[in-house]
Amino acid sequence: MQRIALVVGASGIAGSHVALELLANGWQVHGLARHPKQDVDGLHPVAADLLDPASLATALAGVRPTHLFITTWMRNATEAENIRVNGAMVRNVLAAVSASGTVRHVALVTGLKHYLGPFDAYATSGTLPDTPLRETQPRLPIENFYYAQEDEVYAAAERDRFTWSVHRPHTVIGMAVGNAMNLGTTLAVYASLCKETGRPFQFPGSAAQWHGLSDVTDARALARQLVWAADTDAASNTAFNIVNGDLFRWSWLWGRLADWFGVQAAGFNGTVQPLEAMMANDAPVWRDIAQRHGLVEADLSRLASPWHTDLDLSRPIEVMTDMARSRKLGFAHYQATDASFFDLFAQLRSEKLIP
């Protein structure tokens, strides 16, 4: 039987890589987004609004997926709104595909906020988890839109009798434009600004992050785990952490990133220096850089998400992730973290997104 995938959020940092991995493995792939990519060979674009059930029903009328990969979310002003909106998005798409009766497996991408808490209670005192983070750790006793998304999948699985998997990456490093959480591209843009203006490449985060152990998730590793879980019976109805498989300290990596751009690295100097404040006046500077270098994106906000980078790098604890659950089941992919950044930087430069 042919495997037919519907990737929800196919234009995002996770979804675009999932779509490419599925295509490389011979799947028929439909990519759903508000403004789906039209230039990916073999990908069938589906334009729909996840908050508009009628739009979804019309867009998916001719699609009979065997597998659903949900990789998207929408940021809102409060966690209550995050729960309402993101829960509805998952519920609506699951309802839209339910009528076909063809769905065998649903994969949901969430993240480490499952353990650390939502944006408005993020890694604050009172909710700090034990590390390394393990899938067996219980939910936090606070509101979290990831829990709402999971619960929608669990309810639909009970109704429609499909299997599921949940995937919890750390910070995802990969190529995407207009993504709400994009630390890799944010640091590339910041380093490019530093080079053009002569500013030092100042680490913006906390002592705990500078000196402590950390990990990240290459978007390619995330994609491979989703496809692996879809093809592995033993992985059914299970949640998995997903990171590169190595550990690093920002005190080691920061200088290597600076060297790639040829800028002066400045490490932790005793206080957190938010990147959002350091980049607050850089939009016109970036427009000038884009014009001088012939870049294809002059809107700084489409490339950089300093608010999210600040959340990651200002945590008061070191954060690393246990991968034993999927390793025991045979998922053995490994990705060197410095190469994740360097590969991204090279792609951004080749596509004229940074000078």
Completion exercise
Ranking 44, 148, 133 by how far each Cα lies towards the positive end of the charge dipole of the chain (+1 on Lys and Arg Cβ, -1 on Asp and Glu Cβ), the top one is 44
Fill in the blank from the handout: Counting sequence-distant residues (5 or more places) and residues on other chains, those with an amide H built under 5 Å from that of residue 173 are 217, 218, 219
Exercise for the section: Please give the per residue accessible area of the range 281-353, computed with a probe of 1.4 Å over protein heavy atoms only, in Å². Expected result: 46 Å²
Problem - Exposed-site-free run, longest, the chain (rule: trypsin sites (Lys or Arg not before Pro); DSSP loop; at most 14 other C-beta within 10 Å) - result: 162-351
Completion exercise
Residue by residue through the range 97-111, the couplings from Karplus 6.51 cos²θ - 1.76 cosθ + 1.60 with θ = phi - 60°, in Hz, x for Gly and Pro, are 8, 4, 4, 5, x, 9, 6, 9, 8, 10, 10, 10, 9, 10, x
Practice task
Give the relative contact order (percent, whole number) for the chain; include only Cα pairs under 8 Å separated by 6+ residues.
Solution key: 19 percent
Practice task
Go through the range 26-34 residue by residue and turn each phi into a ³J(HN,Hα) via Karplus (6.51, -1.76, 1.60, θ = phi - 60°); whole Hz please, and just put x for glycine and proline.
Solution key: x, 7, 7, 10, 10, x, 9, 6, 4
Handout entry: Heavy-atom accessible surface of the chain: percent carbon and sulfur, 1.4 Å
Key = 50 percent
Problem - Solvent-accessible area per residue for the range 78-201 (1.4 angstrom probe, square angstrom) - result: 36 Å²
Practice task
Please report, in debye to the nearest 20, how large the charge dipole of the range 227-309 is about its Cα centre when each Lys and Arg carries +1 at its beta carbon and each Asp and Glu carries -1 there.
Solution key: 280 debye
Fill in the blank from the handout: Tilt, helix 15-24 to longest principal axis of the chain (alpha-carbon atoms), in degrees rounded to tens, equals 60 degrees
Fill in the blank from the handout: In degrees, nearest 10, the alpha-carbon axis of helix 337-350 is tilted away from the dominant principal axis of the alpha carbons of the chain by 90 degrees
Fill in the blank from the handout: Comparing 318, 158, 135 in a Gaussian network model of the chain (Cα, 10 Å), the one with the largest mean-square fluctuation is 158
Handout entry: For the chain, share of DSSP beta bridges that run antiparallel, in % to the nearest 5
Key = 5 percent
Completion exercise
In degrees, nearest 10, the alpha-carbon axis of helix 250-261 is tilted away from the dominant principal axis of the alpha carbons of the chain by 80 degrees
Exercise for the section: Check cross-link reach from residue 195 to the lysines: straight Cα distance under 23 Å, and skip same-chain residues fewer than eight apart. Expected result: 352
Practice task
Mind putting a number on the dipole of the range 135-248 about its Cα centre? Charges go on the C-beta only, +1 for Lys and Arg and -1 for Asp and Glu, and I need it in Debye to the nearest 20.
Solution key: 440 debye
Completion exercise
With Cα springs under 10 Å, the Gaussian network model of the chain assigns the largest mean-square fluctuation among 314, 55, 16 to 55
Practice task
Find the relative contact order for the range 56-191 and round it to a whole percent, using C-alpha pairs within less than 8 Å whose residues are 6+ positions apart.
Solution key: 29 percent
Practice task
Convert each backbone phi in the range 228-241 into a coupling constant with the Karplus relation 6.51 cos²θ - 1.76 cosθ + 1.60 (shift: θ = phi - 60°), then list the ³J(HN,Hα) values in order as whole Hz, x for Gly and Pro.
Solution key: 4, 5, 5, 9, 10, 4, 5, 8, 5, 6, 9, 9, 10, 6
Problem - Positive-end residue of 263, 311, 243, charge dipole of the range 183-326 with Cβ unit charges - result: 263
Practice task
With runs of 4+ DSSP H residues as the only contributors, calculate the mean residue ellipticity of the chain at 222 nm using -39,500 (n - 2.57) per run, divided by the residue total and rounded to the nearest 500.
Solution key: -12000 deg cm²/dmol
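The values are calculated or read from the model by the stated rules, or taken from the named source; none is laboratory data. The structure displayed is predicted, hence computed values, not measured ones. Cβ atoms come from the backbone with ideal geometry, glycine included; neighbour counts cover every protein chain shown. Protein only, heavy atoms only, side chains kept; ligands, DNA and RNA dropped before computing areas. Shrake-Rupley method; radii C 1.70, N 1.55, O 1.52, S 1.80 Å.
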